[in-house]
Structures are given as C-alpha cells and as structure tokens.
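The values are calculated or read from the model by the stated rules, or taken from the named source; none is laboratory data. The model shown is predicted, which means the values in this text are computed figures rather than measured ones. Backbone-built Cβ (ideal geometry, glycine too); neighbour counts: all protein chains shown. Keep in mind that these areas ignore ligands, DNA and RNA; they rest on the heavy atoms of the full protein, side chains included. Shrake-Rupley method; radii C 1.70, N 1.55, O 1.52, S 1.80 Å.
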Amino acid sequence: MRALTWHGTHDVRVDNVPDPQVINPRDAILKITSTAICGSDLHLYDGAIPGALPGDVLGHEFMGEVVETGKGSTLKKGQRVVVPFTISCGGCFHCKIQQYSACENSNPAEKQDMSATLYGHPMAALFGYSHLTGGYSGGQAEYVRVPFSDVGPIVIPDHLEDDQVLFLSDILPTGWMGAENAEIQPDDTVAVWGCGPVGLFAVQSALVMGASKVIAIDHYPHRLELAKQLGAEVINFKTTNVREALMEMSGGIGVDAVIDAVGMESHGFAVDNMIDMVKQKVGMGADRASALKQAILAVRPGGRVSIPGVYGGMTDKFPLGALMEKGLKVNSGQTHVQKYTQPLLEKIEDGTLDTTFLISHRLPLEDAARGYKNFREQQNSWTKVILKPGMEKEGAG
Amino acid sequence: MKHKQEAGIAGGLVAVGLAVGTAAFGIFLGRRHSGGNDDAPQFARRSNQAEHALVGRSVTIRKPAAELYEYWRDFCNLPEFMENVEKIAKQGGPTGGAVWKVKAPGGGTIALKTEIAEEVENKRIAWRSVEGSDIEIMGEVRFSPAPGDRGTRVSLRIEYDAPGGAVGRSIAKAFLREPEVQARHDLKRFKMLMETGEIATSAHRRSETREAKQQENA
Ligand SMILES: NC(=O)c1ccc[n+]([C@@H]2O[C@H](COP(=O)([O-])OP(=O)(O)OC[C@H]3O[C@@H](n4cnc5c(N)ncnc54)[C@H](O)[C@@H]3O)[C@@H](O)[C@H]2O)c1
Ligand SMILES: [Zn+2]
Ligand SMILES: [Zn+2]
C-alpha cells in the first residue's frame with residue numbers, strides 16, 4: 001500500500017509499505033477514506049519529538065471503512081468509523097475512570113521504558129507518533145491496523161460526511177477537553193493562545209460552555225479572522241502587547257482561565273524563546289514554552305491553566321513562582337478521546353458545533369509531503385489539511 | 001546501574017559457586033522485608049543486601065486474585081508472557097516439577113528444572129530450581145488485594161545465582177541479561193494478557209511479532 005513515512009527532520013515521503021494485518025484478536029483493519037495532518041505531526045516533522053524512526057508511518061487523525069476484523073472485534077465489515085488517536089484497552093484502571101490517554105496496556109511492554117524514564121511513568125500508545133508512544137503505524141496511509149477496535153472506533157451514521165466527523169479523532173475533542181480543563185464559569189473571560197485547529201476548537205467549545213468572553217491570540221491574520229467569526233475577540237501578538245491587552249480587556253482583573261493551544265514550538269522573539277529555539281536545534285531538548293509562560297503570567301490569581309498544547313521534555317525559565325504564588329490550577333494531558341466521541345458526535349449532528357469551517361485544503365494522499373510543507377510554512381492560509389487516499393492527484397500547485 | 005548489576009552478578013558467581021539449596025530458600029522467604037528500616041520491599045533498596053542477585057517488581061491488575069493465581073499456577077502458561085522462556089513442560093508429581101526451555105543468545109538454551117517450594121491458594125506461589133539446572137533460581141509471586149475495585153496487587157521476586165567460571169558467567173549474562181528490565185516487561189505482559197486478553201504489539205504484520213520470532217528461533 002501507499003503510506004506517508006517519516007525519514008528525518010522535514011523529510012516525509014509517500015512510499016510503498018506492506019499492507020497491515022490483523023494480529024491480535026481485538027484488531028480491525030480499516031481502508032482509510034480521510035486522514036488529516038495535525039499540529040502534533042509538525043512536532044515530528046520538525047524533529048522535536050524523540051523516538052521517531054525512518055520509515056515510520058505517520059498519521060493519528062483518520063477514519064475509514066472496516067475491511068477486516070479479528071475475532072474479538074465488535075466492528076463489522078463495511079462500517080464507517082472514526083478512530084481516536086489514543087490507543088486504549090478499555091479494561092485497565094485508567095480506562096475504567098475514562099483517563100483513556102493514560103491506558104496502561106496499549107504501549108507494548110518493551111517500548112515503555114523510554115517514556116517511563118522521561119516521565120516517571122510509561123505513556124499510553126498513540127497512532128503514528130514515534131516509538132515513545134508505541135511505534136504503531138499511523139493512518140496517513142491506504143490501510144491501518146486498529147488495536148482494541150471494540151473500544152475506540154465510533155460508527156458514523158451515513159448522513160454525515162467525512163469532513164464533518166473526521167476531527168472527532170483528535171482536534172475536536174482536544175479543543176473541547178482544553179476548554180473543559182479551563183473549568184469555565186458563566187461570567188468568565190477565557191484567553192486562548194494559538195488559533196490553529198486546536199485553538200479554534202477550544203474557542204468554539206469555550207463559547208458553547210458559556211464563557212462570557214473568549215480572547216484568541218495568534219499572529220496570522222487569517223487564523224485570527226476564523227476565531228473572530230466564531231465569536232472571539234482577538235489579539236495579534238506581533239503588533240500588540242499581549243499581557244497589557246489582556247489586563248485591559250478583562251477590566252484590570254486578568255483573565256479567569258487560559259488555554260495554551262500552541263505547544264512546544266511557540267513562535268516569537270522573546271529572549272527566552274530564542275534561547276530555547278537554539279537549544280532545540282542543537283538537540284538539548286528544551287521545549288519552547290513561550291506562550292505557556294505568557295499565559296501563566298496573564299491569568300488572574302486563583303485562575304486555571306489548561307494545556308492541550310503538546311510538550312515533550314524540559315523547559316527552561318519556567319515561571320514556577322507565579323504558578324505557586326498566584327495559586328493557579330493546572331489541567332493538561334493528551335486527550336481522553338474515547339470519553340468525548342459520542343457526546344461530540346451528537347453536538348455535530350444537532351448543529352451545536354461546526355467542524356468544517358477550518359478546512360482549507362483537501363489533497364490526495366500522494367501529495368502528503370506538500371501538505372506537510374505548506375501546513376508548516378504557509379500557516380496563515382493552510383489552516384487544516386485533509387488527505388484522501390482515493391483522490392486523483394492534481395498538478396503541482 | 002546496568003554495569004553495577006553485572007558486576008554484582010559476576011562477583012556473586014565467584015564467591016558463592018554452585019551450592020545454594022533448600023536452606024537458603026527458607027532464609028530467602030524469611031527475609032523478604034528485612035534489611036531496611038522502612039516498609040518498602042527489599043528489592044527497592046538502593047544497595048541490595050541479598051547474598052544473591054535479587055530482582056522484584058509489582059503491578060496491579062484489575063482481576064480477582066483467584067483468576068490470576070490459577071493462570072500462573074499452570075506453568076505451561078508462563079512462556080506466553082515471559083520474554084526469554086520458550087517453553088515449560090510439566091513433569092507432574094507431587095512437587096510440581098517443570099522443565100523450562102530458556103533462550104540464550106546465539107540460539108542455545110539453558111537447562112532449568114524447577115519444583116514448587118510453597119503455595120498458598122490465591123495468595124502465593126514459590127518455586128526453586130532443582131538438580132540438573134544450569135542456574136540456581138528461586139522465584140515467588142504473591143497476590144494480594146488492591147484497595148477498592150482496583151483488583152489485585154501482583155509482586156514477583158526472583159533471586160538467582162549461576163555457576164562460577166567463564167561458562168557460568170556467560171550463562172548468567174545470557175539468562176539474566178538485564179533481569180530487572182525483563183521482570184518488569186514480563187509482568188507488564190502478564191497484566192496485558194489478564195486485563196485485555198492479548199499482549200499489545202505495534203507489529204504491522206504477523207511476521208514481526210514476538211511469537212513469530214520465537215518460532216523462527218525454535
Ligand atoms: N493534547 C492533545 O491531545 C493534542 C491533540 C492535538 C494537538 N495537540 C497540540 O496542540 C497544539 C496546537 O495544534 P494545532 O493543530 O492547532 O497546531 P498549529 O501548529 O496549526 O497551530 C499552532 C498555532 O499557534 C500559533 N502560535 C505560535 N506561537 C504562538 C504564541 N507565542 N502565541 C500565540 N499563538 C502562537 C501559531 O501561529 C499557530 O497558528 C500543538 O502543540 C499540538 O501538538 C494536542
Ligand atoms: Zn493530533
Ligand atoms: Zn487501558
């Protein structure tokens with residue numbers, strides 16, 4: 001089959017790889033119909049996540065048609081399903097309390113040591129996201145093997161298009177959980193750093209949850225425009241002093257909750273961010289946490305800090321004093337996707353959530369490398385890329 | 001850490017030689033928590049005070065003790081999740097004799113025969129090597145209730161020794177290669193098997209799985 005494979009920093013290619021097979025009883029094999037490129041894929045693309053190996057098939061946001069099932073799978077051939085990017089067994093302590101992204105049984109035993117050393121505990125497995133999280137082949141491919149297919153995938157009714165439901169796999173629940181983690185109260189002002197897909201869904205979710213005001217921060221005009229259309233007020237951090245603006249826009253109180261939807265590759269030219277950028281380049285593993293640092297300083301005392309943005313290692317000059325002295329509450333984590341798929345599917349069906357407004361490009365799988373390059377370099381206009389394995393390849397553009 | 005461990009094994013080999021025997025096993029069971037002034041198990045001590053190399057590990061499994069005990073009690077099941085064990089054949093008899101086929105690098109195997117040293121239904125199984133084994137080993141698995149509905153806490157503890165000399169050292173290195181890591185992985189796989197009915201693998205095709213590779217080596 002054809003699949004997007006990782007070969008090194010800024011080097012991804014569509015290659016021929018062997019078709020996947022059913023291995024464990026609870027497995028299913030999907031024929032992919034739609035798969036997206038996620039902001040998290042850019043961290044891999046930029047070489048910022050350890051444990052990726054040349055030849056790894058990427059992609060953790062995908063859906064497709066069931067073509068084969070193991071004897072323990074509850075899926076049926078021909079069903080259309082969306083698959084959570086977190087691989088979860090459904091039976092361990094963490095799965096039972098719906099902390100699916102902390103599943104104890106999905107990351108193969110022999111792959112758990114690296115994350116156990118880094119984080120004190122092994123990570124659950126994720127699709128297509130390096131060997132730190134299991135080394136599972138991802139879904140930017142024609143076919144994918146889905147473990148624990150009786151727990152994760154959600155069956156999609158025929159009347160919903162791929163484009164409407166694909167993001168149930170990752171960024172929609174991630175934006176939603178990002179907002180939930182901000183513990184929004186009706187009179188709250190909430191600030192969201194990053195107007196990428198995750199930030200935009202966090203904005204939309206925060207408004208649905210009843211925030212009285214949501215302020216979105218980025219430096220790309222088009223992305224800010226999308227946030228505005230959702231009902232947010234916006235700040236362009238290139239031209240505006242963010243902290244001062246937030247104090248003013250919250251009547252001198254400070255925002256009640258902050259959401260970091262940027263993650264470890266924060267843009268910007270603050271001094272500490274430049275130093276971290278150099279360290280990241282020479283492999284010293286500093287996460288560039290400039291947005292998060294700013295968020296911690298901006299939030300009011302006693303406020304909440306929600307971190308859906310991904311971090312992988314250590315960060316320098318972290319404002320720990322502000323965190324403690326202001327008595328902040330921090331919520332974070334890879335999304336517990338399985339917890340949210342059903343309720344969010346209902347919110348898509350009843351029109352509460354719009355999931356297609358951010359899609360800017362639909363490309364054939366063969367064009368995936370171009371998709372990565374542009375999603376990274378043309379962020380203003382390339383807001384979300386969907387890859388379609390079946391689609392005809394167009395001329396270069 | 002790894003170097004220290006290997007040095008420890010080698011030192012133990014020269015000093016202790018072959019004879020360990022039943023008496024030592026009694027001592028081994030007796031001093032399970034000895035040698036420290038806190039409540040942690042002995043294998044968690046910074047400097048391991050056992051005469052022989054000692055590894056141990058605990059996991060919590062969301063299943064009743066009886067179910068876990070029953071699976072473990074049938075030694076033929078153990079190769080399902082034990083990395084270096086290719087096969088275990090039961091010999092029967094009152095002492096629960098078993099013959100293990102243990103993988104060594106370079107395609108060889110190590111002889112190991114064990115008998116059950118002690119068992120308490122749904123709580124504990126202990127085994128030890130008997131004559132005709134290349135290594136001396138004493139193992140124990142304990143099952144105790146975890147709080148609330150968290151299931152059962154499973155602790156595995158293995159104390160081992162290998163014959164002296166160059167041959168012994170290579171056997172020790174082969175069988176006991178990173179024993180802590182192995183004990184940890186084995187227990188994790190046991191947990192997976194019990195909680196999910198399968199052992200997680202990120203293999204893409206059947207030919208890349210552990211079983212396939214084991215069959216290749218056989
Ligand atoms: N927690 C999870 O489970 C989960 C799931 C999916 C994605 N993520 C993470 O969420 C983050 C965002 O993902 P995305 O798909 O939206 O990525 P993206 O790269 O498209 O968006 C990031 C946005 O942040 C903006 N930005 C950069 N620096 C900024 C700064 N200092 N202040 C304000 N805005 C800034 C960028 O301009 C960009 O628009 C990534 O870190 C991704 O890995 C987490
Ligand atoms: Zn993602
Ligand atoms: Zn689980």
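Some observations on this one:
- Interface burial for B against A (accessible surface, 1.4 Å probe, total of both chains, Å², rounded to 100): 2400
- Over all projection directions, the Cα-based convex hull of the stretch A:22-169 averages an area of 8.7 nm².
- For the stretch A:73-82, backbone phi angles converted through the Karplus equation (6.51, -1.76, 1.60; θ = phi - 60°) give residue-by-residue couplings of 7, 9, 7, 10, 3, x, 5, 9, 9, 9 Hz, Gly and Pro being listed as x.
- Lysine pairs in the stretch A:175-332 whose alpha-carbon atoms fall under 16 angstrom of each other, counting only those eight or more residues apart or on distinct chains, come to 5.
- Over 22 Å (Cα to Cα) - which of A:Lys96/A:Lys339; A:Lys111/A:Lys339; A:Lys96/B:Lys87 fall in this group: A:Lys111/A:Lys339; A:Lys96/B:Lys87
- Per-residue Karplus couplings for the stretch A:244-251, computed as 6.51 cos²θ - 1.76 cosθ + 1.60 with θ equal to phi - 60°, are listed in order as 5, 4, 5, 4, 5, 6, 10, x Hz, Gly and Pro entered as x.
- Surface listing: A:Met209, A:Met63 arranged by accessible area from highest to lowest gives A:Met209, A:Met63, probe 1.4 Å.
- Degrees, to the nearest 10: A:197-208 long Cα axis against longest axis of chain A: 70
- Taking B:Asp186, A:Asp187 and ordering them by how much accessible surface each has at a 1.4 Å probe, largest first, produces A:Asp187, B:Asp186.
- Remark: the stretch A:113-119, residue by residue, has Karplus-estimated 3J(HN,Hα) of 5, 4, 6, 5, 5, 5, 10 Hz, where x stands for each Gly or Pro and the curve is 6.51 cos²θ - 1.76 cosθ + 1.60 at θ = phi - 60°.
- Heavy-atom SASA rank of A:Ser266, A:Ser360 (probe 1.4 Å, accessible area, largest first): A:Ser360, A:Ser266
- A loss of 50 Å² or more of accessible area (1.4 Å probe, protein heavy atoms, ligands and nucleic acids excluded) relative to the isolated chain is seen in these residues of the stretch A:72-102: A:Phe93.
- Once both labels are positioned 7 Å from their Cα atoms along Cα-to-Cβ, the gap between B:Lys90 and A:Glu225 label points is 7.4 nm.
- Largest to smallest principal axis extent of the C-alpha atoms in chain A, angstrom: 60, 50, 48
- Shown is the FRET efficiency for B:Glu118 and B:Asn37, computed with R0 = 25 Å from the Cβ-Cβ distance and rounded to the nearest 0.05: 0.35.
- Chain A, relative contact order in percent, only Cα pairs under 8 angstrom and at least six apart counted: 17
- Whichever lysines have a C-alpha closer than 16 Å to that of A:Lys384, once near sequence neighbours (fewer than 8 apart) are set aside: A:Lys373
- Length-normalised contact order of the stretch B:70-150 in % [C-alpha pairs under 8 Å, at least 6 apart]: 17
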